[in-house]
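J.: Structure provided below as structure tokens; questions to follow.
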Amino acid sequence: MDVHDTGSDARQGPDEPGEPAGSSESSDMPGPPAGPPGASGSSGTAAPAGGTTLSVAAPAADAGPARTGIAALSPRYQAGVVLALAVVAAAVCVHVGLTFLHVAPANTLSKRHASVVDEWIYPEFEQNWKLFAPNPLQQNISVQVRAEVSMADGGVRTTGWYDLSADDGRAIDGNPLPSHTQQNELRRAWDFFLATHDSGNRPVGLRGILSEDYLRRIAVLRLDRNDAAGPGDAVRRVQYRSRTTAVPPPDWSGEKVSDRPVYRELPWWRVPADEAEGGLA
């Protein structure tokens, strides 16, 4: 076909009249659907019917989660909290270290610092066990006491045996918060006596005399609670003894032990007049 033909099927150039510039065959393709009136394409702005363009503000930048805990404090308070935590951590480390030296087997370090360890541990943090050498008790030891009482008419009488260990046991049994005195006073006093006396009940050093005074005062207090002397009478002397029985082994062990009690009787101790008259609180 000649390019000068003017029929309806003739192809026209881009600059020819009768068709806008930039038009091509692809212009016959359907375009994207028109949005609703007043809506913009992709510019993110809304065009109201009145022709005024409104800009939509972009969302504010994310500021992150709010700070809590120590991070929410000012730097000065943060420094104070860190310092307090460091002091607590140091105290815990010292306590754990000294307790370890107390319960560990004797070694060069524990012997060198024995006085420091004892001052820290006794009496509040006392431990009744040892590392690497468990030695559970296999005996029941009952500590008993009796008194020689001077009566108001000039006579003298001797009381029966008071089982102080049984009294403590009854006070502890069923008590969810027994006192330190009920649990340990008598037991520790008796252990103190045994550690500072020989098999003949003779004191070894000055601590032996101290242990006797301690036991004697405990006896006077306990006898007074039990009203051993009575009105007008006074306790003049006291005597201790221990009753030791073996803990029965389990039936499946086949071990045989004697069930006969063993007694250890101490000599009579004279009670000073001020103690006998209620000088102990």
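J.: For segment 229-269, which positions are within 26 Å of H197 (Cα to Cα), open to solvent by 60 Å² or more (accessible area, probe 1.4 Å) and either in contact with a Pro (Cβ under 7 Å, 6 or more places away or on another chain) or not in a loop (DSSP other than H, G, I, E, B) (or both)?
T.: Selection gives R236, R237, R243, V262, Y263, R264, E265.
J.: While we're on this one: What is the residue count in segment 144-162 for residues that are open to solvent by 50 Å² or more (accessible area, probe 1.4 Å) and closer than 23 Å to A246 by Cβ?
T.: Qualifying residue count, segment 144-162: 1.
J.: From the list D191, D213, D198, D173, which residue is among the acidic types (D, E) and within 27 Å of E277 (Cβ to Cβ)?
T.: D213
J.: When both residues are 6+ apart or on different chains and their Cβ atoms are under 7 Å apart, which pairs have a first residue that lies in segment 193-210 and is without any contact (Cβ under 8 Å) to a residue 60 or more places away in the chain, and a second that is β-branched (V, I, T) and open to solvent by 60 Å² or more (accessible area, probe 1.4 Å)?
T.: T196/V204; H197/V204; D198/V204; P203/I209
Here's the yes/no breakdown for (1) touching a helix residue (DSSP H, G or I) at 6+ places or on another chain (Cβ under 8 Å); (2) open to solvent by less than 90 Å² (accessible area, probe 1.4 Å); (3) within 30 Å of E265 (Cα to Cα):
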{"position": "Q78", "(1), (2), (3)": "yes, yes, no"}
{"position": "A86", "(1), (2), (3)": "no, yes, no"}
{"position": "A91", "(1), (2), (3)": "no, yes, no"}
{"position": "K111", "(1), (2), (3)": "no, no, no"}
{"position": "N128", "(1), (2), (3)": "no, no, yes"}
{"position": "S142", "(1), (2), (3)": "yes, yes, yes"}
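J.: Go through (1) open to solvent by 50 Å² or more (accessible area, probe 1.4 Å); (2) under 30 Å from E126 (Cβ atoms) and name the single condition L98 misses.
T.: For L98, the failing item is (1).
J.: Still on this structure: Just to be sure I understand, how many residues within segment 173-217 are over 24 Å from A147 (Cβ atoms), touching a helix residue (DSSP H, G or I) at 6+ places or on another chain (Cβ under 9 Å) and not in a loop (DSSP other than H, G, I, E, B)?
T.: Summing the residues that are over 24 Å from A147 (Cβ atoms), touching a helix residue (DSSP H, G or I) at 6+ places or on another chain (Cβ under 9 Å) and not in a loop (DSSP other than H, G, I, E, B) in segment 173-217 gives 3.
J.: Count, please, the residues in segment 77-133 that happen to be closer than 27 Å to H180 by Cα, assigned to a helix (DSSP H, G or I) and either touching a Pro at 6+ places or on another chain (Cβ under 8 Å) or among the basic types (K, R) (or both).
T.: The number of residues fulfilling the criteria is 0.
J.: Scan segment 122-158 residue by residue and report those that are of a type in the set (A, V, I, L, M) and modelled with pLDDT of 90 or more.
T.: Our first condition is that a residue be of a type in the set (A, V, I, L, M); within segment 122-158, this holds for 131, 133, 137, 141, 143, 145, 147, 149, 151-152, 156.
Correct list: I141, V143, V145, A147, V149, M151, V156.
J.: Where residues in segment 214-228 are under 14 Å from R270 (Cα atoms) and more than 36 Å from the chain's Cα centre (by Cα), which of them is surrounded by the fewest Cβ atoms within 10 Å (Cβ to Cβ)? Spell out the reasoning first.
T.: From segment 214-228, those under 14 Å from R270 (Cα atoms) are 214-220; that's our starting set.
Filter once more, so that each one left must be more than 36 Å from the chain's Cα centre (by Cα): 216, 220.
Numbers: R216: 21, V220: 24.
By that ranking, first place goes to R216.
J.: A further question on this structure: With respect to R237, determine if the residue is basic (K, R) and under 18 Å from Q139 (Cβ atoms).
T.: On the way: basic (K, R): yes; under 18 Å from Q139 (Cβ atoms): no.
No: the conditions fail for R237.
The values are calculated or read from the model by the stated rules, or taken from the named source; none is laboratory data. On a predicted model such as this, the values are computed, not experimentally measured, just so you know. Positions of Cβ are backbone-derived with ideal geometry, glycine not excepted, and every protein chain shown enters the neighbour counts. Surface accessibility is based on the protein's heavy atoms, side chains included, excluding ligands, DNA and RNA. Shrake-Rupley method; radii C 1.70, N 1.55, O 1.52, S 1.80 Å.
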